[in-house]
Amino acid sequence: MSEIFDHSEMSEEDVKHLYITTALESKWNPKKITMETEIWKAVKKRNDNLEIAFSSDNNFTDGKVRIKGNIPSRDKGKRCDYILWINKGTPIAIVEAKDCNHSSSFGLQQAIDYGTLLNVPFVYTSNGKSFFEHDFITGLEKEIALADFPSAEQLMARWRGTLPAVEEKLMNTPFYSGADFYPPRYYQRNAVNRTLEAIAKNQKRILIAMATGTGKTYTAFQIVWRLLEAGVVKKVLYLADRNNLVDQSISGDFQPLKNVIHKINFQKIDKSTISAFKVYFALYQQLDGAKRHSDDDVETDEEIDNEIARYREYFDPDFFDLVIVDECHRGSAKADSRWRKILDYFSSAFQIGMTATPRETRYVSNIDYFGEPVFRYSLKQGIEDGFLAPFKVINVHTNIDDEWRPKKGQRDINGDEIEDRIYNLADYDYNIVIQDRINEVASEITKYLKETDPMSKTIVFCPTEDAAERMRIAINNLNPNMVQRDKLGNIKEQYVVRITGSDNYGKSKLDYFISVSAKYPVIATTSKLLSTGSDCKMVKLIVLDELINSMTEFKQIIGRGTRLRYNEGKTHFTIMDFRRVSRLFADPEWDGEIVQDEGFGEDDDDDDTQTDSGEINITGDGSTDEPAGTDNRRIVQIVGEGSVRVNVLQRLVSIYDTDGKLLRQESIEDYTKESILGTYQTLENFIRKWNAEQKKEVIRDMLKEKGIDIDLVKKGQNMDDVDDFDFICHIAFNQKPLTRRERANNVKKRDVFGKYSAAAREIIDALLDKYAELGIYDIESTEILKQTPFTKYGKPSRIASFFGGNIQYREALQLITKELYKAA
């Protein structure tokens, strides 16, 4: 073949098609090779009967979504030329191809990086003349002739020699796959395999740290599935902290095991059939927590022992082979916690802690119990890979953020004199309620949604349940027309609801709020209930109007928006911060390495007196997110509406990178101005370019390429009735804008269309009216002639005939455009 082809002129695709694919298929079953889509097509042509067992798209990341201006864009995903598989879900090697003008080892570093991400033991590069191997097991590298590429059996033998027998059995057990079950992403596969490796080595306690939205429950299911299939475990206990999370897991990711799943309820437990299942779901509180009236009630050791006695009644200590603790950053992180007692009782079982935010403080530590994570996938990596949504932050500052002092003798709504002192963000809705501030916050939320999308799912985090209700009322009163009504005009669905632990109506709407398909409710006001666990896939706006000092809680709240649904329009999310909470992005702990606090374990005797601001408590029934009626625990003075002048001083849009570093802090208007000035430099140059373009849409498209949707920017400035020309001149060059109606009327006043017939002049007047209504881009298209009032003149071809034909109609349109911008 080398005599037929000139290697120096062959592309990388030619090399793959003619040499590398042939060499691989001579040693490997084609069903266990995946290649880039283009190569699969070539293979299919040679073998129409080939059964493709794997996805033909070798992208293992989706490509980072970038926020540029107000239009998101997406990078290309990372992809391998070839992936070689042991079975579905378990790769063993990758091959990267280069053209013949490079050495066989060229690109090896990239291949090693990809191999590290995909957790394979072998990587190869090839230029079509030979292969070059990097062995992760030994660290050695060598060149291999094309004909000597190792077979699947040879690679397995080399890998098998390093694996315990149990691990080999687990590695040979495939992932679950089904018609409606998506294959694991590369990091989920890594998380599962690293966990199985640890179990094969008899590591009893295992910690998995995966960012919110990256599929922890799916990963847990695949771990359970493969362990059950391999016969390594027979009974599994899955602990979650909320009822809706248990139900969500059973009906969602664990659906394939539905016939062997049991949800434990001690009130209805049947001892005769309890051992018939394989996977058991339970709430932490049900297992070990006595019913309490509030989160401040302290459990005694006697109460915990009584609950464990109930548990001991139904299950022996060695009944479960595996215990999975979901959201293990919660109670189980404490050495004397309720969960720890349960884990101690099942000490012979493998125990897996799963969380997005491991807790490492002076008083609590996940690492102390579970050990260092066997696998970590951070929010940063999820955003970089394009599996999680990026975000921008709008910091909103009001005139009373830092200081408000009541007037002498000023009274609250109850007629009591307001304590004379300085109040600030630490007081509002905690020690004093200022209704005017609540109204201003609600107004800013409403304004933002109307400027972007009023139907964007939104969570508003408030200090207390009562504060959440006050915010609900304020937002509702600003949006009375946004409720969904039936045909008789009755309210069918509310636009905004309060979803808190004590609000049964609100909790009944939770499933609808987090649903991808359900439009209502749109806005949820809450305190703690939605801060963790709930799978809020379509949330596009997170409003922070509570003080947050715990990095754990902050990460959990940010995680409510990180789900990415690109095809459904969820490309990124926005954080609107009224309490300066986004300062935590600058904290070294933000998505940094997970390390145990140096002071952990010191002064343990005082632990009972300490409170951890990151701890989100749950009452005994597993439903309440914070004590109901929290405001009643302190004297809260409520300042009535109209008593305090509150206004927004500044709105600052901040874009952060995945490390939490500030990339850009500006308004979209500033970014638009900067982009326009960078392109046109001067007003005169912009006017010249605008007039030179026969179709003005070219300029709008140019701005879109820079990430600017000018219609949205105009909407935010309440300038929808202004032409793009005027808006650009105004925002970038400080020119006074004219409305489209003013420009159209100015043209009508001039006698410049006298040469046309009466019918043609009527059409010109109608075009000017359409310009005033819709804008220049619409009248540039002949599609406008298919709308009223033009249809009364006939088809577009007949309308053009009034001007003498299509060319003459176009000339008339150019004259209209020239006159519209003549004043400029």
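The values are calculated or read from the model by the stated rules, or taken from the named source; none is laboratory data. Quantities reported herein were computed from a predicted structural model and do not represent experimental measurements. For neighbour counting, all protein chains shown are included, and Cβ atoms are generated from backbone atoms with ideal geometry for every residue, glycine included. For the accessible areas, the whole protein counts, side chains as well, though only heavy atoms, and no ligand, DNA or RNA atoms are used. Shrake-Rupley method; radii C 1.70, N 1.55, O 1.52, S 1.80 Å.
Being modelled with pLDDT of 90 or more and open to solvent by 30 Å² or more (accessible area, probe 1.4 Å), is that true of even one residue in region 512-527? Within region 512-527, one or more residues are modelled with pLDDT of 90 or more and open to solvent by 30 Å² or more (accessible area, probe 1.4 Å). Against the list (1) at pLDDT 90 or above; (2) assigned to a loop (DSSP other than H, G, I, E, B), the condition L163 fails is (1).
If you scan region 108-136, which residues turn out to be among the aromatic types (F, W, Y) and either in contact (Cβ under 8 Å) with a residue 40 or more places away in the chain or within 19 Å of H17 (Cβ to Cβ) (or both)? Steps first, please.
Taking region 108-136 and keeping what is among the aromatic types (F, W, Y), we get 114, 122, 124, 131-132, 136.
Passing the criteria: Y114, Y124, F131.
Entry remark, region 122-142: residues being touching a helix residue (DSSP H, G or I) at 6+ places or on another chain (Cβ under 8 Å) and buried (at least 18 other Cβ atoms within 10 Å of the Cβ) number 11 in total. Taking residues in region 2-26 that are farther than 12 Å from N127 by Cβ and modelled with pLDDT of 85 or more, and partners anywhere that are of a type in the set (V, I, T) and surrounded by 14 or more Cβ atoms within 10 Å (Cβ to Cβ), the pairs with Cβ atoms closer than 6 Å and at least 6 places apart or on different chains are L24/I33. Taken over region 209-242, residues that are of a type in the set (V, I, T), in contact with a Gly (Cβ under 7 Å, 6 or more places away or on another chain) and open to solvent by less than 10 Å² (accessible area, probe 1.4 Å) amount to 1. Within region 402-431, the set of residues being surrounded by 11 or more Cβ atoms within 10 Å (Cβ to Cβ), in contact with a strand residue (DSSP E or B) (Cβ under 8 Å, 6 or more places away or on another chain), among the charged types (D, E, K, R) and touching a residue at least 12 places away in the same chain (Cβ under 8 Å) comprises R405, D412, D416, E419.
Out of S105, S73, one residue alone is part of a strand (DSSP E or B), of a type in the set (G, A, S) and either without any contact (Cβ under 8 Å) to a residue 24 or more places away in the chain or open to solvent by 40 Å² or more (accessible area, probe 1.4 Å) (or both). It is S73. Residues that are among the charged types (D, E, K, R) and assigned to a loop (DSSP other than H, G, I, E, B) were ranked within region 498-520; the one that is nearest to P454 (Cα to Cα) is K519.
Taken as a whole, the structure leaves A333 outside the set of residues that are under 22 Å from A191 (Cβ atoms), at pLDDT 60 or above and open to solvent by less than 40 Å² (accessible area, probe 1.4 Å).
Checking V441, V393 one by one, the residue that is outside any loop (DSSP other than H, G, I, E, B), touching a residue at least 40 places away in the same chain (Cβ under 8 Å), open to solvent by less than 30 Å² (accessible area, probe 1.4 Å) and closer than 30 Å to N567 by Cβ is V393 and no other.
Could you check region 668-772 for helices (runs of 4 or more DSSP H) lying wholly inside it with 1 or more residues that are over 23 Å from F790 (Cα atoms)? Step through it out loud before you land on a result.
Values: elements: 668-680, 683-692, 697-705, 710-716, 724-733, 740-749.
By residue number, 668-680, 683-692, 697-705, 710-716, 724-733.
Please go through region 769-786 and pick out each residue that is farther than 21 Å from I699 by Cα and buried (at least 20 other Cβ atoms within 10 Å of the Cβ). The one that is farther than 21 Å from I699 by Cα and buried (at least 20 other Cβ atoms within 10 Å of the Cβ): L785.
State all residues of region 444-458 that are farther than 17 Å from F391 by Cβ, under 18 Å from the mean Cα position of the chain (by Cα) and open to solvent by less than 40 Å² (accessible area, probe 1.4 Å); if no residue qualifies, say none. Before the answer, list the steps.
Here is the first cut: in region 444-458, the ones farther than 17 Å from F391 by Cβ are 444, 446-447, 450-451, 454-455.
Next, only the ones that are under 18 Å from the mean Cα position of the chain (by Cα) stay: 455.
Hits for region 444-458: nothing passes.
When T500 is tested against the conditions (1) of a type in the set (S, T, N, Q); (2) open to solvent by 10 Å² or more (accessible area, probe 1.4 Å); (3) at pLDDT 85 or above, the lone failure is (2). Taken as a whole, the condition of being under 25 Å from Q381 (Cα atoms), at pLDDT below 85, of a type in the set (K, R) and in contact with a Gly (Cβ under 7 Å, 6 or more places away or on another chain) applies to R74. Can you confirm whether L146 is surrounded by 15 or more Cβ atoms within 10 Å (Cβ to Cβ), at pLDDT 90 or above and not β-branched (V, I, T)? Taking the combined requirement at face value, the residue satisfies it.
From R185, R242, R226, grab the single residue that is in contact (Cβ under 8 Å) with a residue 12 or more places away in the chain, in contact with a strand residue (DSSP E or B) (Cβ under 8 Å, 6 or more places away or on another chain) and basic (K, R).
Numbers: R185 fails: in contact with a strand residue (DSSP E or B) (Cβ under 8 Å, 6 or more places away or on another chain); R226 fails: in contact with a strand residue (DSSP E or B) (Cβ under 8 Å, 6 or more places away or on another chain).
Matching residue, one of R185, R242, R226: R242.
Cβ-Cβ contacts under 7 Å between residues 6 or more apart (or on different chains), taken from a first residue in region 465-483 that is in contact (Cβ under 8 Å) with a residue 40 or more places away in the chain to a second residue that is open to solvent by 60 Å² or more (accessible area, probe 1.4 Å), are listed as E465/A628.
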